[in-house]
Every structure is written in C-alpha cells, then in structure tokens.
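Worksheet for the structure shown next.
The values are calculated or read from the model by the stated rules, or taken from the named source; none is laboratory data. Not measured: the values here are computed from a predicted model. Counting neighbours? That spans all protein chains shown, and the Cβs are built from the backbone with ideal geometry, glycine included.
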Amino acid sequence: MAVERTLSIIKPDAVAKNVIGKIYKRFEKAGLNIVGSRMIHLSQEKAEGFYAEHKERPFFPDLVAFMTSGPVVVSVLEGDNAVVLHRELMGATNPAEAAPGTIRADFAQTIDENAVHGSDSPTSAAREIAYFFDEAELCPRTR
Ligand code: RTP
Ligand code: MG
C-alpha cells in the first residue's frame, strides 16, 4: 500500500477536554507516524481560508467561530493508506452516526463540535499540509 501523508487537526473542543494524548495514542496504535506537530490558535482569516470549500454553506460562520474559539493541534500523519485510515479512526462527521470506538464517537458531542479534522483525499491533504507546514519542518522517521 502507498505511504501517504494526511493533515489532522485536534479541534478546540477536544483540546479543552484535555484528550490530545488520548487521540495521539490512537494514531500511534494504528501505525500512523506523527511527522509534524504544532499548537496554534487560528485567526478568523486562517480558519476561513482552511475551510474555503465550505464558504457558501449555511454552517460556515458557526464553523469558523468554533475553530477560532480556542487552540488546536495541527499534525501531519504519515503511513500506509494514511488518508483513509485516519478518516476511519475519526468516524463519521456527526458523532451520533460515528461507529463505536472511533474518535468522534468517544470524544465528540455534536456535528458542530466534533473533536477532529482529517483530510478527505490525497489532493486535499497536500493543500492542507502546505497550508500549515513548510516541507522543511516535517520530520519523517530515520529509524
Ligand atoms: P472535517 O473537514 O472537519 O474533517 O469534517 P468532515 O470532512 O467530516 O466534514 P465536512 O463536510 O468537511 O464539514 C466540515 C465541518 O463542518 C461542520 N459541518 N456541519 N451542520 C452541518 O450540517 C454540518 N455539516 C458539516 C462539521 O463540524 C464538519 O466537521
Ligand atoms: Mg472535510
């Protein structure tokens, strides 16, 4: 299977609940390597740019308000089939529909505050990783 990279965001609700470590543990247990990581409090402009594909959707203002409500952890995950594997670990967008044992089932309450973001395709992943990280900041494993 192809080694891929994907962008993870641990959203403000999950950071506020102090479950960064529990979420990272799931990535590591699944064999995803964390090759970039940073905590950041998104500005309105940065959040709007990140979610630009949704800017005409009715939920966009609430989404941006939520994403700027507190700090987030942005990470680059690397591994076989990373994009799909990460989405499987996250579970469905609406936590009420997320499979048992997924991050959203266990740590999210509502569709608006759903704990994590993950790139939805390798193309999105490339854009989203470049939105937060320079290539030189990423640290692939050497051992
Ligand atoms: P994300 O981009 O955050 O990883 O989530 P996703 O792919 O599972 O869902 P997406 O369709 O990209 O939507 C982005 C975020 O917008 C909020 N949303 N609210 N009220 C609604 O119908 C609705 N739909 C989407 C969610 O917080 C979702 O994570
Ligand atoms: Mg999405």
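Residue 14 meets all of the listed conditions (1) over 19 Å from residue 133 (Cα atoms); (2) touching a Cys at 6+ places or on another chain (Cβ under 7 Å) but one, namely (2).
Kindly indicate whether any position in region 48-71 is among the basic types (Lys, Arg), touching a strand residue (DSSP E or B) at 6+ places or on another chain (Cβ under 8 Å) and at pLDDT 95 or above. There is no residue in region 48-71 that is among the basic types (Lys, Arg), touching a strand residue (DSSP E or B) at 6+ places or on another chain (Cβ under 8 Å) and at pLDDT 95 or above.
Residue 26 passes all but one of (1) touching a strand residue (DSSP E or B) at 6+ places or on another chain (Cβ under 7 Å); (2) surrounded by 15 or more Cβ atoms within 10 Å (Cβ to Cβ); (3) in contact (Cβ under 8 Å) with a residue 40 or more places away in the chain; which number fails? Answer for residue 26: the failing condition is (1). Anything in region 48-62 that is surrounded by fewer than 18 Cβ atoms within 10 Å (Cβ to Cβ) and within 12 Å of ligand 1 (Cβ to nearest atom)? List them, or say none. Across region 48-62, the qualifying residues are 51, 52, 53, 54, 55, 57, 58, 59, 60, 61, 62. Among the residues making up region 97-123, those that are within 12 Å of ligand 1 (Cβ to nearest atom) and among the aliphatic types (A, V, I, L, M) are 98, 103, 108, 111, 115, 116.
Conditions (1) within 16 Å of ligand 2 (Cβ to nearest atom); (2) within 15 Å of residue 72 (Cβ to Cβ); (3) modelled with pLDDT of 95 or more, marked per residue:
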position: 98; (1), (2), (3): yes, no, yes
position: 101; (1), (2), (3): no, no, yes
position: 104; (1), (2), (3): yes, no, yes
position: 108; (1), (2), (3): yes, yes, yes
position: 116; (1), (2), (3): yes, yes, yes
position: 123; (1), (2), (3): yes, no, yes
position: 132; (1), (2), (3): yes, yes, yes
position: 136; (1), (2), (3): no, no, yes
position: 139; (1), (2), (3): no, no, yes
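For residue 89, are the conditions met, namely being within 14 Å of the chain's Cα centre (by Cα) and closer than 19 Å to residue 15 by Cβ? Spell out how you get there, then give the answer.
On the way: within 14 Å of the chain's Cα centre (by Cα): yes; closer than 19 Å to residue 15 by Cβ: yes.
Spelling it out, residue 89 is indeed within 14 Å of the chain's Cα centre (by Cα) and closer than 19 Å to residue 15 by Cβ.
Among the residues of region 110-143, those that are part of a helix (DSSP H, G or I) and either surrounded by fewer than 20 Cβ atoms within 10 Å (Cβ to Cβ) or hydroxyl-bearing (Ser, Thr, Tyr) (or both) comprise 122, 123, 124, 126, 127, 130, 131, 132, 135, 136, 137. Considering 48, 4, 56, 28, the condition of being outside any loop (DSSP other than H, G, I, E, B) and within 16 Å of ligand 2 (Cβ to nearest atom) is satisfied by 48 alone. The set of residues in region 65-109 that are in a loop (DSSP other than H, G, I, E, B) and touching a Ser or Thr at 6+ places or on another chain (Cβ under 6 Å) contains only 91.
One residue alone among 65, 82, 96, 105 is surrounded by 18 or more Cβ atoms within 10 Å (Cβ to Cβ) and more than 11 Å from the chain's Cα centre (by Cα), and that residue is 82.
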